[in-house]
Amino acid sequence: VKQSLLLVRHGIAEDAPDGGSDEARPLSKEGRRRFTATVRRLHRAGTRIDRLLHSPLLRAVETAELLVPLLAEDGETLVTPLLATAPTQALLAEVQGDLPAFVGHQPWMGQLLAWLVTGRRVLGPTFPVEKGEVVRLEGEARPGGMRVRRRFSAGGGRPRRGP
Amino acid sequence: MAPAVPAARWLERLEESIPVARRGRDPEGVHRLRVAAGRLEVWLRLHGLHVLRDDLGWLRSCAGPVRDHDVILHARPPASWVPWLKRRRTEARRALLAALDEPRLPALVRALGLLPPLDRAQAEERSERLLAKALAAAAHVEEDPHDAGRLHELRRRVRRLRYAREWLEQEVGSLERLQEALGQANDAAVALRLLGGYRDAEGLAEYRSLLEGRFCVARERALRAWQEQRALVSAPA
């Protein structure tokens, strides 16, 4: 079954204050501005998300919120701890619907990308996902079953094709 | 500068209600869980956030069927209907327990705990939008007071407005009374809906008439409450 998936790494976040929690780091102004521009490009590309899954960490929650304008009318958002840890089969089982989006963190987004494209999670470091980057995958949601269709980098510019 | 409004108070109540709902000995546990989730959902609206609202809606809807059966069973329905209601409640409770064990729930609590407090000035502006929506829903009911769906929508809007005003420490007295009347109409409507799914309901015609009567009385009371208190509702203290 051919499926599509958007992998999203959270936007640029502020540094944690001394003694502050890493989990509670919000997006920086710059991160918010850049990711909003990415969302506009996704919108122009006709992107319609029907399931928006995100990690519970604040920077992922805020990034997911910026993606909400792309959510289909009957689309839903869902918070999951599966995106705040190394990718598992349980996470692959969440690839449902026409176009789900996963908002998470490095190094796990890179591991997930490597796993879906090559079947090998350990190749994560060779498939890095930048802050605020969106990777569109197509294929079967199983290890080695997908390929990269497009990458929307946070820095702007035209979408790239391929990994 | 007006103090910001953190979610902590109702987040703590949500966390406290989860083990009580899970144990199931006190029906108030499920009720408190739904109320806390509803209040936090409004807090997110006042924050201008869409994310996490679906998760709270999911939690409320998982607890809803248990609460519906608890309310009907508490109101002493006809004895012949009780075994069916209890069986259905057991099924609903099983589904709720499965939901409470899902990793989505601790993730939701964790995410809510990381959100910054509400900016009160922005929240007050957003509260005005909730008022506008409640007024629109009330106008919709006045066009056709017999439409149970419109009444249900008004109940939801009034609940959100009340919770918003409570977050912002504004007067809610009139809203509370209106919400109570709308709640009574809803209780009767839910009982009628469940009775509609009961195969042996033929012998309960008299009870059905009683419920229909309760629904009509509660609806009239709610409409009167709305008309009497419209001005108060429209003007927050």
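The values are calculated or read from the model by the stated rules, or taken from the named source; none is laboratory data. Since the model is a prediction, treat every value here as computed from it, not as a measurement. Quick reminder, even Gly has a Cβ in these numbers, built from the backbone with ideal geometry, and neighbours come from all protein chains shown.
Overview of results
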| read-out | value |
| --- | --- |
| Of all residues making up the range A:111-140, the number that are part of a loop (DSSP other than H, G, I, E, B) and under 15 Å from the mean Cα position of the chain (by Cα) | 7 |
| Which numbered condition B:Gln227 misses (of (1) under 19 Å from B:Glu143 (Cβ atoms); (2) within 21 Å of the chain's Cα centre (by Cα)) | (2) |
| In the range A:31-62, the residues that are within 13 Å of the chain's Cα centre (by Cα), in a helix (DSSP H, G or I) and not polar (S, T, N, Q) | A:Phe35, A:Val39, A:Leu42, A:Arg59, A:Ala60, A:Val61, A:Glu62 |
| Number of the exception - B:Pro19 against (1) in contact with a Leu (Cβ under 7 Å, 6 or more places away or on another chain); (2) assigned to a helix (DSSP H, G or I) | (1) |
| Which numbered condition B:Ala136 misses (of (1) free of Cβ contacts under 8 Å to residues at least 60 places away in the same chain; (2) hydrophobic (A, V, I, L, M, F, W, C); (3) more than 14 Å from every other protein chain (Cβ to nearest Cβ); (4) touching a strand residue (DSSP E or B) at 6+ places or on another chain (Cβ under 9 Å)) | (4) |
| Residue in the range B:87-98 that is under 28 Å from B:Ala4 (Cα atoms), among the polar types (S, T, N, Q) and more than 14 Å from chain A (Cβ to nearest Cβ) present | no |
| A:Leu66 modelled with pLDDT of 95 or more, aliphatic (A, V, I, L, M) and out of contact with any helix residue (DSSP H, G or I) (no Cβ under 6 Å at 6 or more places or on another chain) | no |
| Residue list for the range A:144-154, restricted to those being crowded, with 18+ Cβ neighbours inside 10 Å and assigned to a loop (DSSP other than H, G, I, E, B) | A:Gly145, A:Ser153, A:Ala154 |
| Qualifying residue in the range A:15-34 (condition: surrounded by fewer than 16 Cβ atoms within 10 Å (Cβ to Cβ), at pLDDT below 95, within 14 Å of chain B (Cβ to nearest Cβ) and in contact with an Asp or Glu (Cβ under 8 Å, 6 or more places away or on another chain)) | yes |
| Of the criteria (1) modelled with pLDDT of 95 or more; (2) in a loop (DSSP other than H, G, I, E, B); (3) more than 26 Å from B:Leu59 (Cβ to Cβ), which one A:Val95 fails | (3) |
| Which listed residue is buried (at least 20 other Cβ atoms within 10 Å of the Cβ) and without any contact (Cβ under 8 Å) to a residue 60 or more places away in the chain, from A:Ala114, A:Ala101 | A:Ala114 |
| Filter result (more than 14 Å from chain A (Cβ to nearest Cβ) and crowded, with 23+ Cβ neighbours inside 10 Å) within the range B:46-67 | B:Leu46, B:Ala63, B:Val66 |
| Top-ranked residue in the range B:115-133 [being surrounded by fewer than 17 Cβ atoms within 10 Å (Cβ to Cβ) and of a type in the set (A, V, I, L, M); ranked as farthest from the other protein chains (Cβ to nearest Cβ)] | B:Ala132 |
| Residues (of a type in the set (S, T, N, Q), in contact with a Ser or Thr (Cβ under 8 Å, 6 or more places away or on another chain) and facing chain B (nearest Cβ under 7 Å)) located in the range A:53-98 | A:Thr80 |
| Members of the range B:22-32 found to be closer than 15 Å to B:Ala95 by Cα and in contact with a Leu (Cβ under 9 Å, 6 or more places away or on another chain), listed by number | B:Arg22, B:Gly24, B:Val30 |
